[in-house]
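The values are calculated or read from the model by the stated rules, or taken from the named source; none is laboratory data. Keep in mind the model is a prediction, meaning the values are calculated, not measured. Using ideal geometry, Cβ is built from the backbone for each residue, glycine included, and neighbour counts are taken over all protein chains shown. Note: areas computed on protein heavy atoms with side chains; ligands, DNA, RNA excluded. Shrake-Rupley method; radii C 1.70, N 1.55, O 1.52, S 1.80 Å.
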Amino acid sequence: MIKTKLTEMLEIKYPIIQAGMGPHNTTNLAAAVANSGGLGLISGIGMGYLAFMEKPLFGFTEKTPRKQMLRSIETVKNMTKESGGVFGINVPVAVEFQSISRELIEAGLEARETDNEVKKRMKVIVTSAGNPEPFVESIKESGAYHFHVCPSPYHAKKVEGFGTDVVIASGHEGGGHVAHEPVHTMVLLPEVVKAVKIPVVAAGGISDGSTLAAALALGAVGVQMGTRFIATKESDFHQPYKDYVVNIKDVRDTILAKGLFGKIRYMKNPGAQRLWQAEQEGASETDLFNLEMAGFAAIDKGDIENSGMAGGEVAGRISDIPTVKELMERIVKEAEDIIRDRLPKFIA
């Protein structure tokens with residue numbers, strides 16, 4: 001069994017985190033990952049989009065971000081009660097989103113403060129896509145672990161100085177929002193590990209046992225996966241979205257286009273290419289935002305052709321839709337086999 005600083009600090013079975021993948025609902029997925037021995041994350045960004053959309057999408061039912069976060073936390077708590085699974089929330093903290101970020105984080109802290117079961121098992125708040133400093137003190141005072149997603153050693157050192165507990169080093173090949181600089185995980189991860197003293201989790205391009213083993217070899221204490229978890233039976237994503245991930249056969253079949261907080265990596269389809277083309281032609285921020293929202297609305301209707309489906313380059317390596325439990329057991333077993341059996345053969 002693979003044991004790392006991550007499994008020890010969170011008391012989880014596997015060093016695997018399910019990424020928060022906004023604007024989609026990840027409530028069921030977070031519960032399934034927690035029940036299977038990993039860290040499941042409730043994605044907050046889609047709850048923030050409730051402020052921009054005429055009606056809730058992706059299975060959200062509440063009208064405000066705060067109420068939706070509280071409901072999702074309660075749902076995951078109840079779905080993981082029997083297993084005692086560990087979960088957390090993911091909230092972007094970009095400047096454009098900061099008032100909503102505060103509302104979502106405060107909802108998470110409120111749930112921990114008022115419910116002992118939540119305090120015991122909702123152990124992590126992950127921030128991303130911005131500066132986490134305004135939120136560090138309140139998260140730390142609550143007793144929760146604070147993880148932050150970083151695209152560079154510079155940013156990792158900075159958030160370490162703020163007092164965050166773990167850095168998630170996210171390479172440019174990942175799906176959804178990515179950094180402007182095209183630095184990929186193989187280069188980024190060892191440099192972040194070298195730059196900070198706190199534990200580092202690898203993200204971007206992770207999908208199987210070989211990439212888990214590689215991340216551990218490069219100094220990570222675990223991995224965070226997004227696109228791989230989309231294509232699982234329990235994920236909240238619509239079936240046509242899951243099928244699209246599986247049907248991509250080439251790791252080059254993604255495209256970068258403008259998003260609310262910067263570039264988003266989408267899987268190539270007419271909707272994403274339309275957004276990319278509009279950006280190349282100098283469309284206004286308002287027009288690009290409206291196209292982005294239209295792409296999300298199309299996903300909710302099952303309109304794959306006109307949707308904007310975020311996904312990483314690793315989609316080209318995914319070929320099945322297992323249960324979360326089957327996937328995680330397979331990944332860890334493969335990593336164990338590589339570390340224990342395959343790699344020692346290279347040493348004379």
Subject >> Heavy-atom accessible surface of the range 153-255: percent carbon and sulfur, 1.4 Å >> reply: 57
Original post:
Under Stokes-Einstein, with the Kirkwood radius over Cα pairs standing in for Rh, what whole-number D in µm²/s applies to the range 26-150 at 10 °C and 1.306 mPa s?
Top reply: 112
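Express the accessible area of the chain per residue in Å², computed with a 1.4 Å probe while the remaining protein chains stay in the model.
43
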**OP:** Please report, as a whole percent, how much of the solvent-accessible surface of the range 1-97 comes from carbon and sulfur atoms (probe radius 1.4 Å).
**Re:** 47
Subject >> Set of lysines with alpha-carbon distance to K81 below 18 Å, sequence-local pairs under 8 removed >> reply: K13, K119, K120, K123, K325
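Quick one: if the Förster radius is 30 Å, what FRET efficiency do S210 and Q239 give, using the C-beta to C-beta distance and rounding to 0.05?
0.60
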Subject >> For the range 118-244: rounded, prolate or oblate by the Cα gyration tensor [a/c cutoff 1.5] >> reply: oblate
Subject >> Ranked packing of 102-111, 329-338, 216-225, most packed first, by mean Cβ within 10 Å >> reply: 216-225, 102-111, 329-338
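Classify the range 193-348 from the C-alpha gyration tensor, please: rounded if a/c falls under 1.5, else prolate or oblate depending on whether a/b exceeds b/c.
In terms of gyration-tensor shape, prolate.
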Original post:
Under a point spin-label approximation (7 Å from Cα along Cα-to-Cβ), what is the T114-V246 distance to one decimal in nm?
Top reply: 4.1
**OP:** Please report Rg over Rh for the chain, where both radii come from the alpha carbon positions and Rh follows the Kirkwood definition.
**Re:** 0.94
Original post:
Can you pull out the GluC sites (Glu not before Pro) in the range 229-313 that DSSP calls coil and that have at most 13 other Cβ atoms within 10 Å?
Top reply: E281, E305
Subject >> Estimated FRET transfer efficiency (D320, L343; beta-carbon r; R0 41 Å; 0.05) >> reply: 0.95
